[in-house]
Structure formats: structure tokens, C-alpha cells
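What follows is calculated from the coordinates using simple rules that are stated; it is not laboratory data. Since the structure is predicted, the reported quantities are computational estimates derived from the model, not experimental observations. No Cβ is skipped: glycine too gets one built from the backbone with ideal geometry, and neighbour counts run over all protein chains shown.
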Amino acid sequence: MNTLTSAVKVLVVDDEPLIVEELCEFLERSGFRCVPCESSQEALTRFSADAEIGLVLCDLRMPDMDGIELVQALQKVAGKQRAFEAIMLTGHADKQDVIKALRAGIADYYQKPINLEELLEGLQRQEAALEERKNDLQLGHLSQKLQFLTESINDLYQDLDRTRRSSTVLKGEDRAAEEAEPVGTPSILNPLSPRQLDVARLVGKGQTNYQIACELGITENTVKLYVSQVLRLTHMHNRTQLALALSPGNSALPQRVPAH
């Protein structure tokens, strides 16, 4: 008896209870954990509720929903975030059925009566293939996160560059130019870039870094950097002072107070 236990479960689906029982007993002795099902609908329910199911062993000919339709339904449940491998069992090795099954994404098929040792080897191969697919999914998720981080960093650098250019322009302008800002925009916000201005106004509304990140579609760490820049450019000691300065009727730069 194999005492090793697979990290994934096998969904065993057949409308003949004796076949399900025989397959589960053999596979469990071989180190697999099985989830027995005697109908496609039951299989869909069990698969949806158990994320550890990664291998599917199903009969082709079943009432209501055949094995190919079942696998296609499971693929919709899994979406792009969950991987699984399927093997089809059939008592009729019809060429067209086999081609249809392979096109539907079923990895392999075995004809009844089943050679259990060959089936075991096939499941072990598909378990290895499943691990590769999971690794590919994880790499894909990591790549998306890195891309999002890169875009956030690029956005930050662009705002820093705009801030430097804006500061240079403001040094050559007189007070009259500063007072020509659009009505409703406090003069303390003149040095800010558009993105910094967005962050400052949301801080003025009392929003947290997390809320600002969600509203602007950037990371919370990026928001922290923006808040730090805004406080420095507006000569504020903290976000509370900034929020008070941006409150209605208080658009002018407040008196600076010593930090405690």
C-alpha cells in the first residue's frame, strides 16, 4: 500500500455506483484522495465547494450531462484562476467522441474495462502536468503585479518631474500670477501636480490612504509617497493640518506652527 498522499483530490464521476466505488478504493490505496460522485450535477456541486480538487476522472456516457459537457461546465466554474486536469472513461472508443473530448480540453482517455495500473500512471502524469499549470498561473499573477507596480512607479516619476518643472516656473512668477489661479483652488496647492492635487483633495475630505488608493487606482504605498510630497510642498506638518487648510472658507495658507 502506498502511504503517500497526493496534494490534490480526484473527482471520480460515473453513473454506475460500483465503478465509482472500485475506482476510489484503488486510487486511495495508491495515495490519492477521492471525491466520489454518481452524477454530473453532484460533481459540479462538489467541485465548486472543494478547491483541492485538481484531477477529474469522469465517464463519457452519463444521463443529463455527458463527460465532455461536464468538463466544459467545470471549466466555467474554474475560470482563469483555477487549474485542473481531466481524464475521460468510455466504454465506446468512438473516434469522433475522442476528438471532441481532446478539443474540449480533456487531457487523456481510457477505454473500459479499465487497466487500473495504466490509469494510475496516467493520473500521476496529469498530476505533474497540473503542477506545471499551477506554476504558470502563479507566474502570471506575479507578472501582473509587477506590471502594476511598474506602472505606479512610472506614474510617480512623471509626477515628480512635473513637480520639479512646476516649482521652477513658480520661482519666476510674482504674487499676481499666483492669485490668478482658478476660483476655488487654494493657493497652497499651486506647486502640486494633477495627481498630487487629487490626493490632497481626498485627504481634505478625510479619506484614508486605503480609500484614496482604491479611488485613484494606485497602490497604498504610492499614496503614502504622494501624501509625503504634498505635505512637503504645501509646508504642512501633517495631514490633519492639510485637511483643515482645505476646509471650506479656509483656502489660504495657515500660519505655520512648530512641530511637537
Applying 1/(1 + (r/R0)^6) with R0 = 41 Å to the Cβ-Cβ distance of residue 115 and residue 135, what FRET efficiency is obtained, to the nearest 0.05?
0.85
Which residues in segment 69-90 have a backbone N closer than 17 Å to a point placed 7 Å from the Cα of residue 41 along the Cα-to-Cβ line?
69-71, 73-74
Evaluate E = 1/(1 + (r/R0)^6) for residue 165 and residue 247, where r is the Cβ-Cβ distance and R0 equals 30 Å; express this FRET efficiency to the nearest 0.05.
0.55
Stokes-Einstein translational diffusion, segment 192-242 - Kirkwood Rh over all Cα pairs, 0.692 mPa s, 37 °C, in µm²/s:
311
Between residue 96 and residue 52, what length comes free when the chain is fully extended (0.36 nm per residue of separation minus the Cα-Cα distance, one decimal in nm)?
12.7 nm
Hey, how much of the P(r) for segment 1-98 falls beyond 24 Å, as a percent of Cα pairs?
19
Sequence ranges 81-88, 62-69, 158-165, ranked by mean other-Cβ count within 10 angstrom, highest first:
81-88, 62-69, 158-165
Expected output is a single nm value to one decimal: the length gained when fully extending between residue 18 and residue 198, i.e. 0.36 nm times separation in residues minus the C-alpha distance. What is it?
58.2 nm
Quick one: if you stick a label point 7 Å off each Cα along the C-beta vector at residue 108 and residue 157, how many nm between them?
4.9
